[in-house]
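I have placed the structure first, in the form of structure tokens, so that the comments after it can refer back to it.
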Amino acid sequence: MSESTRKLAAIVFTDIVGFTRLTANDQQKASDLLDLQRAELKPLVDDNGGKWVKEMGDGLILTFDTITSAVQCCLSIQEKAKEIEDLSLRIGIHLGEILEREGDIIGDDVNIASRIEPFSAPGGIAISNKVNDALVREKEYETKYLGKPKLKGVGQEVKVYCITSHGLPETKMSQVSAKLEKGTPKWYFALPALLVIGIAAYLFIPSARSVVSVAIMYMEIRGDEADEYLQAITEDLIFDLASAVPGRLKVSEAATVRKYKETDLEVAELAKRMGVQYIFKSSLQPSGDGYNLRCRLVEASTGIDKLLNKWFIESKNLQSIVSVLAENIIAGLDITLEGELRKVEYDPEAYELYLKAKDIYAKSDDQEKDMIAIDMMKDAIVIDDKLIAAHLKLGQMYYDNAEYKEAEKLYMRSLKKSKQLEDNTNIAESLRKQGQLFRKQRQFDLALEKFNESLSISTVMNDKNSMAKIMNSIAILYYKTERLEDALEYWLQAFNIAKEFDDKLKISKYVNNIGIWYWKDADYSRAIEYYEQSLAIKEELGDTRNYGKTLNNLGEVYYDMGDFANAIGQFDKSIDIKEKLNDNAGLNATLLNLGQAQLYNTDFDSALVNFKRSLKISNMFKVSYQIAYRHEGIGTAYFNLANYDSAAYYFEKADNIYLGDPINRLSTLSWLAITYMKKGQKREARDHINIFDELIEKNDPKSDDIISLYWNMYQVYRSLGDPKSGKNYLENSYLEIRSRSKNIKNKEDRNKYLSVKLHQDIIDAWNM
């Protein structure tokens with residue numbers, strides 16, 4: 001028995017398109033084609049140092065020692081195939097470990113290579129992410145991402161690309177018939193088509209209006225100020241009603257309704273901004289030992305009252321308000337219930353404490369009031385632990401105050417109690433809250449587990465409001481963990497639900513998130529399209545706060561593609577809105593972005609002003625890394641203004657904050673080194689170079705800083721007369737620019753990125 005050899009190899013699978021049909025029509029012609037394939041292609045394999053492993057029917061298995069030789073050979077094969085009648089080939093390439101035995105090869109990576117081949121267009125070449133990673137730094141190759149399918153019999157995650165340079169055809173995913181694992185969504189292959197068409201077109205496809213939509217406005221309390229806590233009943237009504245008629249009723253979320261709590265807008269305008277068909281209003285007025293309850297349900301398009309009613313509610317029976325109003329709203333909307341609304345009797349004292357605690361917490365502006373609300377909510381739970389809403393709200397209070405262990409305990413208790421009561425709605429909500437908590441703590445596997453459990457329950461209930469909310473949470477998690485294709489899948493599913501419900505607020509949110517996805521994928525032009533669509537909807541709805549956020553996002557896209565003038569314009573508009581809203585956190589972030597864009601646009605004086613404005617706000621928040629980053633920005637502005645003393649002062653302040661953070665410190669050390677060289681203080685420059693070199697051996701720099709960081713060090717070494725050491729840093733900055741530019745999908749965007757002065761300086765220096 002011959003010995004087995006294990007080695008790393010580039011594995012190639014080929015297949016003749018239409019060979020089965022050719023065999024059925026003319027067996028001799030098919031046989032002759034195989035002979036011709038062998039005669040014409042084997043010399044090409046030999047010339048490129050490859051191994052002709054075997055023929056499998058009409059297919060070939062080849063191996064190569066390097067990716068470059070494999071790709072070059074496959075390009076030659078496709079060129080040769082053009083000359084041969086009926087020889088149209090699909091080719092797949094993967095890099096992996098093989099076991100050579102008795103003239104054959106086996107292993108998991110061989111199976112992967114065979115699964116990649118069907119993703120090739122006729123006459124094209126499909127490759128795995130491992131092959132793509134090796135080609136990305138090569139100027140001559142262009143590739144396109146196709147997706148991350150669940151390949152049959154393959155346990156590991158594989159991303160698939162196709163080579164689009166060298167005259168090769170691009171894969172059309174709708175024409176791919178690859179072997180996939182069961183459970184792969186049928187719409188997977190339609191996804192690229194949807195993205196090509198664009199959601200803009202999809203937005204104008206009429207949605208099914210079998211879904212009824214309503215906004216439950218905050219209850220008006222016509223009594224003393226002491227009774228205002230009763231407004232909190234509204235949020236319970238929204239929650240219960242949203243899950244009462246799953247799949248058929250869209251209820252605006254409490255956060256949305258809260259924005260219009262004090263509004264004087266007419267019903268029609270209010271409904272337009274909230275994207276609903278009906279507006280529900282109610283009032284509560286003290287009377288004797290109870291309250292007079294009145295309500296009105298208005299059809300926005302006609303102004304006609306679908307419901308007018310009034311009741312007397314005893315003080316000890318406040319919780320009945322929710323069920324009374326829910327039943328009447330459902331009746332007024334002519335929706336038939338399957339069964340009855342679930343009713344759980346709570347202790348009246350517990351429910352009142354719960355409402356008061358919610359009201360105090362909502363109005364709180366300091367830690368002392370927060371603690372009063374927390375203690376009251378605890379008391380409500382002690383009196384009646386069936387009050388699941390109190391468990392969930394107390395958990396949220398702890399979450400807001402960064403007491404994550406206490407929050408987790410509450411969510412666990414709410415889950416346990418919900419299961420005891422067979423309350424599926426609150427089981428799903430408890431699990432969702434747990435998922436958010438774990439995501440906040442970067443326990444991503446646990447978070448995903450809880451989100452998926454929650455989604456399963458909501459799906460069984462057909463509670464689409466909840467499903468969309470959870471899908472968005474999962475998408476954010478995937479985005480944070482760089483699983484970008486998975487993030488897009490879930491955002492699209494959430495978008496589809498929002499479209500079904502004609503929920504314009506949600507549509508604008510998810511379109512914005514899809515824009516973020518495209519931004520992350522370096523498809524800047526398409527990202528801009530989606531952001532602009534989101535802005536159009538937000539403007540229509542009067543959603544000013546989120547309009548300002550999306551303007552900032554749009555500015556960041558322009559910044560990344562090197563269009564600094566447009567970036568500055570978007571940041572300026574975003575700042576105007578955030579100033580009017582007193583949104584200091586948002587203002588802080590956008591001022592920083594504006595300053596950075598102005599730096600690249602050589603408006604150093606303006607950059608300095610905005611960095612200092614941002615620093616002032618950061619000092620209020622007392623977040624050390626924010627303060628350090630603003631100090632570094634100020635230092636950079638002073639450096640470009642040739643005020644090296646001030647630059648050194650601010651770089652040193654940033655560096656002192658970063659002392660325990662070697663990754664962030666690399667940037668400040670590079671700036672300090674070049675600043676001291678400019679000041680003629682070579683010894684101080686050397687000191688910072690030595691620290692930099694020591695840290696860079698053990699730590700990778702932040703991706704945001706890497707280009708300027710390496711460029712700084714190149715200039716420092718060049719000034720010290722050590723071009724050899726400097727060339728290494730120059731090469732790193734140059735390769736990073738080339739790598740990033742190759743990932744930019746649009747050619748015009750790519751050229752704009754490469755035309756940025758810093759990038760041009762680096763490219764010119766490399767080419768000298």
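The values are calculated or read from the model by the stated rules, or taken from the named source; none is laboratory data. Since the model is a prediction, treat every value here as computed from it, not as a measurement. Every residue, glycine as well, gets a Cβ built from its backbone with ideal geometry; the counts of neighbours run over all protein chains shown.
Overview of results
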{"read-out": "Residue within the range 474-484 that is part of a helix (DSSP H, G or I), under 14 Å from the mean Cα position of the chain (by Cα), without any contact (Cβ under 8 Å) to a residue 40 or more places away in the chain and surrounded by 23 or more Cβ atoms within 10 Å (Cβ to Cβ) present", "value": "yes"}
{"read-out": "Selected residue [in contact with a helix residue (DSSP H, G or I) (Cβ under 6 Å, 6 or more places away or on another chain) and in contact (Cβ under 8 Å) with a residue 60 or more places away in the chain] from 538, 464", "value": "464"}
{"read-out": "Hits in the range 673-713 - residues which are among the hydrophobic types (A, V, I, L, M, F, W, C) and either within 19 Å of residue 638 (Cα to Cα) or assigned to a loop (DSSP other than H, G, I, E, B) (or both)", "value": "673, 674, 677, 685, 709, 711, 713"}
{"read-out": "Helices (runs of 4 or more DSSP H) lying entirely in the range 566-672 (those with 2 or more residues that are touching a residue at least 24 places away in the same chain (Cβ under 8 Å) and farther than 28 Å from residue 713 by Cβ)", "value": "584-600, 604-621"}
{"read-out": "Hey, residue 547 buried (at least 19 other Cβ atoms within 10 Å of the Cβ), more than 28 Å from residue 455 (Cα to Cα) and either of a type in the set (Asp, Glu) or at pLDDT 90 or above (or both) or not", "value": "yes"}
{"read-out": "Test for residue 386: is it basic (Lys, Arg), within 30 Å of residue 352 (Cβ to Cβ), outside the structural domain of residue 239 (by TED's automatic domain parsing) and touching a Ser or Thr at 6+ places or on another chain (Cβ under 9 Å)", "value": "no"}
{"read-out": "Of residues in the range 80-113 being assigned to a loop (DSSP other than H, G, I, E, B), surrounded by 14 or more Cβ atoms within 10 Å (Cβ to Cβ) and of a type outside the set (Ser, Thr, Tyr), the one modelled with the lowest pLDDT", "value": "107"}
{"read-out": "From the options 761, 749, residue that is assigned to a helix (DSSP H, G or I), in contact (Cβ under 8 Å) with a residue 24 or more places away in the chain, farther than 22 Å from residue 644 by Cβ and in contact with a helix residue (DSSP H, G or I) (Cβ under 9 Å, 6 or more places away or on another chain)", "value": "749"}
{"read-out": "Yes/no for residue 255 being modelled with pLDDT under 85 and farther than 24 Å from residue 349 by Cβ", "value": "yes"}
{"read-out": "Residue tally, condition in a helix (DSSP H, G or I) and either more than 19 Å from residue 393 (Cβ to Cβ) or among the small types (Gly, Ala, Ser) (or both), over the range 439-454", "value": "11"}
{"read-out": "Tabulated pairs, the range 57-82, first under 20 Å from residue 112 (Cβ atoms), second outside any helix (DSSP H, G or I) and of a type in the set (S, T, N, Q), C-beta under 7 angstrom, 6+ apart or interchain", "value": "59/14; 60/14; 64/48; 69/48; 73/48"}
{"read-out": "Meets criteria (of a type in the set (S, T, N, Q) and surrounded by fewer than 15 Cβ atoms within 10 Å (Cβ to Cβ)) for residue 699", "value": "yes"}
{"read-out": "Leading residue by the ranking (nearest to the chain's Cα centre (by Cα)) among those in the range 741-766 that are small (Gly, Ala, Ser) and under 22 Å from residue 165 (Cβ atoms)", "value": "741"}
{"read-out": "Any hit, the range 482-505, residues being touching a Phe, Trp or Tyr at 6+ places or on another chain (Cβ under 8 Å), on the phi > 0 side of the Ramachandran plot and of a type outside the set (Ser, Thr, Tyr)", "value": "no"}
{"read-out": "Filtered residues of the range 407-428 (kept if touching a residue at least 60 places away in the same chain (Cβ under 8 Å) and either assigned to a helix (DSSP H, G or I) or not charged (D, E, K, R) (or both))", "value": "421, 425"}
{"read-out": "Matching entry among 362, 373, 268 (being of a type in the set (A, V, I, L, M, F, W, C), surrounded by fewer than 18 Cβ atoms within 10 Å (Cβ to Cβ) and not assigned by TED's automatic domain parsing to the domain that holds residue 231)", "value": "362"}
{"read-out": "Count - residues of the range 463-517 that are charged (D, E, K, R) and over 18 Å from residue 452 (Cβ atoms)", "value": "8"}
{"read-out": "Subset tally (residues that are surrounded by fewer than 18 Cβ atoms within 10 Å (Cβ to Cβ) and of a type in the set (D, E, K, R)) for the range 561-572", "value": "1"}
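Residue-by-condition table, conditions (1) small (Gly, Ala, Ser); (2) surrounded by 20 or more Cβ atoms within 10 Å (Cβ to Cβ); (3) on the phi < 0 side of the Ramachandran plot:
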| position | (1), (2), (3) |
| --- | --- |
| 638 | no, yes, yes |
| 643 | no, no, yes |
| 647 | yes, yes, yes |
| 651 | no, yes, yes |
| 667 | yes, yes, yes |
| 679 | no, no, yes |
| 709 | no, yes, yes |
